[in-house]
1. Let me know the volume per residue of the alpha-carbon convex hull for the range 52-129, in Å³.
2. Please give the contour-minus-distance gain from residue 224 to residue 64: 0.36 nm per residue of separation, less the Cα-Cα distance, rounded to one decimal in nm.
3. If you count the DSSP beta bridges with both ends in the chain, what percent of them are antiparallel, to the nearest 5?
4. Which distance in Å, rounded to a whole number, links the C-alpha centroids of the range 134-149 and the range 23-86?
5. May I ask you to compute the full-extension gain from residue 28 to residue 215, defined as 0.36 nm times their residue separation minus their alpha-carbon distance, rounded to one decimal in nm?
6. I'd like to know how the chain sits against the 2.2 N^0.38 Å rule of thumb: what's its Cα Rg over that expected value?
7. How compact and how long is the range 59-184, expressed as Rg and Dmax of its alpha-carbon atoms in Å?
8. For the range 208-252, would you read off the P(r) tail past 17 Å as a percentage of all alpha carbon pairs?
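Bear in mind these aren't lab numbers, they're just calculated from the coordinates by the rules spelled out. Bear in mind the structure is a predicted one, so any value in this text is a computation, not a measurement.
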């Protein structure tokens, strides 16, 4: 056997070991199966009030496999917290948003909190790249310059992998209070490592990260922006510690986006790049995990793998 072949075999072994370590194959993630249920009546009522006609969705065998795969890819801390605090998981058709995590009305103590997570069933038929691109495109109006387009490359994993991780991070955050929660938002805020020197209030970033271009976007309470402003928007985002525009909506969304995109890129070895293209040619891009300010926050993700 030649030296070059030995080198190739060695690196293949390392790669296989690394990929194997990325899943929770030995962890108990099957607990969720007994918790799949019709969404609470309060959730149906919420969507009916908006003029929708929500309906419970029964998973097909293919969809069940996708859900199982997504749970198997969750970080260890997420599995531990969900096993203790996930009361039910639901799937719904004709749902206006992607997902909703809701506390179940019962004991007030954080140690006893239970949650329902309801998902729009349609995401089970989309990849992360497809779903994220559609979501991001909703921020822009292309009518004045249709040759410009936005595209997100986040690999070919099921969109449910991303959305489950994002929503599960909300549960972990609520239980462990990784960011300040409701009882602190109207009083003196005791900042945590995830909010200190980044957020002033739960939905107000520090002054140095409050950029005019970013404040105009929908996730900051603004409106749909012309696609011609996209480059300036992402150039401004590069000067902040936020991994996405959606992460700027509040510190709760910030931590969920940070952990999700970190896990996607660093653990699952998938890309996450926002491209702005004109007539198919790349004009600019935003790759959050290569941002200097974002890199400073990566150490905060270690907790989820302890």
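1. Spread over its residues, the Cα hull of the range 52-129 gives 115 Å³ apiece.
2. This chain segment gains 54.0 nm when fully extended.
3. About 70 percent, rounded to the nearest 5.
4. Result: 32 Å between the Cα centres.
5. 63.1 nm
6. 1.05
7. Rg then Dmax for the range 59-184, in Å: 16.7, 54.
8. When every Cα pair of the range 208-252 is considered, 19 percent fall beyond 17 Å.
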